[in-house]
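Here's the structure, in structure tokens; my notes come after.
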Amino acid sequence: MQIRLSGDRMLIVELGDGIDPALNDRVQSLAVLIRAAEHPAVEAVVPSYRTLALYYDPERITWKELTDLLFSCERRATTKKRPDSRVVEIPVCYGGAFGPDLGTVAACAGLGMEEVIRLHCTPLYRIYALGFAPGFCYLGGLDPRIHTPRLTAPRVLVPAGSVGIAGAQTGVYPLPSPGGWQLIGRTPLQLFVPDRSPPVPYRPGDTIRFLPISAEEFARLSTEQGR
């Protein structure tokens with residue numbers, strides 16, 4: 001475990017390198033233990049792929065006390081202490097206006113578009129991290145056959161609910177935003193609602209399953225969501 005400062009109120013804990021489920025389990029376990037300690041100086045704990053960001057009040061804890069807490073938790077961290085993983089199903093309408101880059105992904109893979117959809121829907125995707133925008137989930141487990149580079153020029157505006165691919169990752173844009181991922185579909189679900197509790201229906205450590213739907217089903221679900 002390596003610790004480095006990031007400003008005067010945050011530190012980064014590094015536990016390893018790469019995108020690896022076992023390494024991410026350690027990150028999640030460490031996050032659980034730090035939160036369970038309920039130290040009044042610890043303001044937020046944010047797990048990612050291989051690191052953990054810890055926000056703290058430097059006027060309420062010394063550097064030694066903080067590092068002692070971290071190393072104590074790290075020694076007790078096991079995968080058994082990671083949060084219970086839930087499966088969250090996200091319906092997606094693929095291709096057409098919802099997924100303008102589906103043909104590009106298919107061409108890069110040398111596959112038909114229906115096969116790309118099948119390959120994208122088959123895995124259960126681990127949520128390694130949330131970031132970039134509220135509720136944007138970085139997912140691991142994308143089939144290598146449909147790994148596709150990012151766009152050379154990002155779009156100025158990506159519609160909310162868009163599902164994209166960038167290299168070995170896939171993810172969903174919860175809000176309208178700029179973005180450079182290859183868009184292959186869109187979900188009608190509202191994934192980030194600030195006044196909902198919780199605002200996002202998933203968390204790091206959960207898994208995502210994508211379910212293909214028709215344009216008609218997309219319209220029906222959009223109406224139910226009030227979109």
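Scanning the stretch 115-124 for residues that are surrounded by 15 or more Cβ atoms within 10 Å (Cβ to Cβ) and aliphatic (A, V, I, L, M) yields Val116, Ile117, Leu119.
One line per residue, one yes/no per condition, for (1) surrounded by 15 or more Cβ atoms within 10 Å (Cβ to Cβ); (2) out of contact with any Leu (no Cβ under 7 Å at 6 or more places or on another chain); (3) over 16 Å from Tyr173 (Cα atoms):
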{"site": "Ile90", "(1), (2), (3)": "yes, no, no"}
{"site": "Cys93", "(1), (2), (3)": "yes, yes, no"}
{"site": "Phe98", "(1), (2), (3)": "yes, yes, no"}
{"site": "Ala106", "(1), (2), (3)": "yes, yes, yes"}
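Residues of the stretch 7-25 that are assigned to a strand (DSSP E or B), touching a Leu at 6+ places or on another chain (Cβ under 8 Å) and over 15 Å from Pro204 (Cβ atoms): Met10, Leu11, Ile12.
One residue stands out among those in the stretch 125-159 that are out of contact with any helix residue (DSSP H, G or I) (no Cβ under 8 Å at 6 or more places or on another chain) and within 19 Å of Pro212 (Cβ to Cβ): the one that is surrounded by the most Cβ atoms within 10 Å (Cβ to Cβ), which is Cys137.
The numbered conditions (1) touching a strand residue (DSSP E or B) at 6+ places or on another chain (Cβ under 9 Å); (2) in a loop (DSSP other than H, G, I, E, B); (3) touching a residue at least 40 places away in the same chain (Cβ under 8 Å) are all true for Leu142 except (3). If I filter the stretch 26-61 down to residues being assigned to a helix (DSSP H, G or I) and not hydrophobic (A, V, I, L, M, F, W, C), which single residue comes out as surrounded by the fewest Cβ atoms within 10 Å (Cβ to Cβ)? Taking the candidates together, the pick is Arg35.
Residue check: Ser6 meets all listed conditions (1) surrounded by 15 or more Cβ atoms within 10 Å (Cβ to Cβ); (2) over 30 Å from Leu189 (Cβ atoms); (3) among the small types (Gly, Ala, Ser) but one, namely (1). Being more than 21 Å from Cys93 (Cβ to Cβ) and hydrophobic (A, V, I, L, M, F, W, C) holds for only one residue in Ala168, Ala215, Ala160, Ala219, and it is Ala168. Of the residues making up the stretch 121-145, those that are out of contact with any Asp or Glu (no Cβ under 9 Å at 6 or more places or on another chain) and among the aliphatic types (A, V, I, L, M) are Leu124, Ala129, Leu130, Ala133, Leu139, Leu142. When Leu33, Leu23, Leu52 are checked against the criterion of being of a type outside the set (S, T, N, Q) and touching a Cys at 6+ places or on another chain (Cβ under 7 Å), a single residue qualifies: Leu33. Where strands (runs of 3 or more DSSP E) sit wholly within the stretch 146-227, those with at least 1 residues that are within 14 Å of the chain's Cα centre (by Cα) occupy 162-166, 169-172, 207-212. The set of residues in the stretch 3-26 that are under 11 Å from Ala53 (Cβ atoms) and in contact with a Lys or Arg (Cβ under 9 Å, 6 or more places away or on another chain) comprises Leu11, Ile12, Val13, Glu14.
Exactly one residue out of Arg186, Arg220 is farther than 29 Å from Arg26 by Cα and either surrounded by 14 or more Cβ atoms within 10 Å (Cβ to Cβ) or of a type in the set (Phe, Trp, Tyr) (or both), and it is Arg186.
With respect to the conditions (1) out of contact with any Cys (no Cβ under 7 Å at 6 or more places or on another chain); (2) modelled with pLDDT under 95; (3) not in a loop (DSSP other than H, G, I, E, B), Phe132 lacks only one, and its number is (3).
The values are calculated or read from the model by the stated rules, or taken from the named source; none is laboratory data. None of the values given here were measured: they were computed from a predicted structure. Neighbour counts are summed over all protein chains in view; Cβ atoms, including those assigned to glycine, are modelled from backbone coordinates with ideal geometry.
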